[in-house]
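As structure tokens, the structure follows; a few thoughts come after it.
Nothing in this text is a laboratory measurement; each read-out follows from the coordinates by a stated rule. Keep in mind the model is a prediction, meaning the values are calculated, not measured. Cβ coordinates were reconstructed from backbone atoms using ideal geometry, including for glycine residues, and neighbour counts include every protein chain displayed.
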């Protein structure tokens with residue numbers, strides 16, 4: 001077994017994962033050094049526009065932990081295998097009682113009323129909806145794109161804050177879905193179009209394509225869009241919040 005190798009990838013995470021696979025070890029069994037980052041233009045803006053080279057060197061004192069590390073390696077593929085099924089069950093796992101939904105909506109109403117008052121120059125209005133699994137929040141206003149951010153980063157962070165607020169004094173788990181100025185619908189169409197385009201590229205070239213890190217919500221859109229395409233398969237790699245969708249030929 002080589003003591004060190006140089007591995008390449010579109011990101012440092014991808015380069016490291018490839019190197020670990022070649023060495024047949026896990027991350028905390030090696031020392032990692034980033035050697036080179038090379039800018040590279042890409043046709044697809046959602047792909048990482050660079051190549052990273054890393055050097056992985058196996059640590060000397062790994063005998064005592066080797067068994068534990070091998071066990072960990074076998075656990076990770078199982079996590080990836082069940083991700084799609086977990087997406088399907090997300091809405092089924094957290095059925096809220098009527099009382100819990102009312103408490104959650106009251107929490108959100110109190111917070112959002114003050115929030116809109118503090119940003120009165122943007123004339124923000126909100127609407128809260130519900131079903132058995134989710135509380136939905138819609139925001140509309142004047143020049144509030146700053147609440148969305150680059151590819152929805154601010155929106156997702158704000159959604160996490162609202163989820164925490166909604167869960168106050170609630171025994172169950174409240175899931176909040178936030179949308180601002182119809183961004184979710186527009187983003188969904190963009191990702192579905194991208195999935196279609198990239199799947200055709202994979203079929204034509206036979207090459208696997210790895211997308212940039214996405215939230216669980218956006219990964220679900222890609223998986224769902226391509227689940228009926230029997231020529232390709234999709235799966236996810238990496239750890240949150242840097243988990244990515246991979247599109248490959250279905251051999």
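Quote the relative contact order of region 185-249 in percent (integer), defining contacts as alpha-carbon pairs under 8 Å separated by 6+ residues. That works out to 39 percent.
Averaging the sequence gap over all C-alpha pairs within less than 8 Å and six or more residues apart, then dividing by the number of residues, gives region 94-251 a relative contact order of 19 percent. For region 92-181, the share of alpha carbon pairs falling in successive 10 Å distance bins from zero is 17, 50, 26, 6 percent.
Using equal-weight Cα scatterers in the Debye expression, the normalised intensity of region 185-249 in log10 at q = 0.16, 0.17 Å⁻¹ is -0.46, -0.52. Extending 7 Å from the Cα toward the beta-carbon at both residue 235 and residue 102 defines two label points whose distance is 4.8 nm.
What separates the Cα centres of region 193-251 and region 100-124 is a distance of 37 Å. Computed over region 92-181, relative contact order equals 37 percent, with contacts defined as Cα pairs under 8 Å that lie 6+ residues apart.
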